[in-house]
1. Among the candidates 45, 36, 117, which residue alone is in a helix (DSSP H, G or I) and farther than 21 Å from residue 20 by Cα?
2. Select, from 70, 92, the only residue that is in contact with a Ser or Thr (Cβ under 8 Å, 6 or more places away or on another chain), within 26 Å of residue 120 (Cα to Cα) and of a type outside the set (A, V, I, L, M, F, W, C).
3. So which residues in the range 88-135 are of a type in the set (Gly, Ala, Ser) and surrounded by 13 or more Cβ atoms within 10 Å (Cβ to Cβ), if there are any at all?
4. Looking only at the range 50-69, count how many residues are among the charged types (D, E, K, R) and either within 13 Å of residue 117 (Cβ to Cβ) or without any contact (Cβ under 8 Å) to a residue 40 or more places away in the chain (or both).
5. List every residue pair whose Cβ atoms sit under 8 Å apart, with the two residues 6 or more apart in sequence or on different chains, where the first one lies in the range 70-94 and is closer than 13 Å to residue 105 by Cα and the second, anywhere, is of a type in the set (Asp, Glu) and surrounded by fewer than 17 Cβ atoms within 10 Å (Cβ to Cβ).
6. Looking at this structure, is residue 76 in contact with a helix residue (DSSP H, G or I) (Cβ under 7 Å, 6 or more places away or on another chain), buried (at least 19 other Cβ atoms within 10 Å of the Cβ) and in a helix (DSSP H, G or I)?
7. Looking at 132, 124, can you tell me which residue is modelled with pLDDT of 95 or more and assigned to a loop (DSSP other than H, G, I, E, B)?
8. Any residue at all in the range 91-98 that is over 16 Å from the mean Cα position of the chain (by Cα) and closer than 21 Å to residue 58 by Cα?
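The values are calculated or read from the model by the stated rules, or taken from the named source; none is laboratory data. Remember, predicted model here, so these are calculated numbers, not experimental data. Cβ sites come from the backbone with ideal geometry, for glycine too, and all protein chains shown count toward neighbours.
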Amino acid sequence: MATPRDTAKVVSLSLPMSILGDIDKAAKEIGYQSRSELVRDAVRSFLRERSETAKLEGHINGVLMLVYDHDSAAQVSEIRHRHMGVFKSFMHVDFDEGTDCCEVLMFCGDAEKVKDSHNQLSSIVGVKEARIFLA
């Protein structure tokens, strides 16, 4: 929650019309007073998740789940292969319409290497979700 010391700064960003429509629909359904409130909450949630991921250390096991546009498959595959020392196995599926892919990458190894691969995969244009679940 904002404190009296916080100052608001107006920022501008470009969003596809489909995402803007989804934001407006969600804001109305949930009862947000504005798009800005919904976006602020979403950013806070993202930052909390990133903070929790940053705390991971030592040897960890789990899965990294990705959902991405089919057009990004080559980039995802290249990064997955680059990090095969951490990724022990994976499962891939093309969803019904063939436009989206899902991969579940099973990992076992150093947390720093897992976080590095997660960051690289998350930053690919077309990756819609990249979440770590610890075992």
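1. Working: 45 fails: farther than 21 Å from residue 20 by Cα; 36 fails: farther than 21 Å from residue 20 by Cα.
Result of the check over 45, 36, 117: 117.
2. Details: 92 fails: in contact with a Ser or Thr (Cβ under 8 Å, 6 or more places away or on another chain).
Criteria check complete, one pass: 70.
3. In the first step, residues of the range 88-135 are kept if they are of a type in the set (Gly, Ala, Ser); the result is 89, 98, 109, 111, 117, 122-123, 126, 130, 135.
Passing the criteria: 109, 111, 117, 122, 126, 130.
4. Looking only at the range 50-69, we keep the residues that are among the charged types (D, E, K, R), and these are 50, 52, 55, 57, 69.
Subsequent filtering for residues that are either within 13 Å of residue 117 (Cβ to Cβ) or without any contact (Cβ under 8 Å) to a residue 40 or more places away in the chain (or both) retains 50, 52, 55.
Of the residues in the range 50-69, 3 are among the charged types (D, E, K, R) and either within 13 Å of residue 117 (Cβ to Cβ) or without any contact (Cβ under 8 Å) to a residue 40 or more places away in the chain (or both).
5. Here the result reads 83/116; 86/110, each pair linking the range 70-94 to a residue that is of a type in the set (Asp, Glu) and surrounded by fewer than 17 Cβ atoms within 10 Å (Cβ to Cβ).
6. On the way: in contact with a helix residue (DSSP H, G or I) (Cβ under 7 Å, 6 or more places away or on another chain): yes; buried (at least 19 other Cβ atoms within 10 Å of the Cβ): yes; in a helix (DSSP H, G or I): yes.
Here the answer is yes, as residue 76 does meet what is asked.
7. Numbers: 132 fails: assigned to a loop (DSSP other than H, G, I, E, B).
Going through 132, 124 in turn, the sole match is 124.
8. In the first step, residues of the range 91-98 are kept if they are over 16 Å from the mean Cα position of the chain (by Cα); the result is 91-98.
In the following step, the residues that additionally are closer than 21 Å to residue 58 by Cα were identified as none.
Within the range 91-98 (the criterion being over 16 Å from the mean Cα position of the chain (by Cα) and closer than 21 Å to residue 58 by Cα), the answer is no, since none of the residues qualifies.
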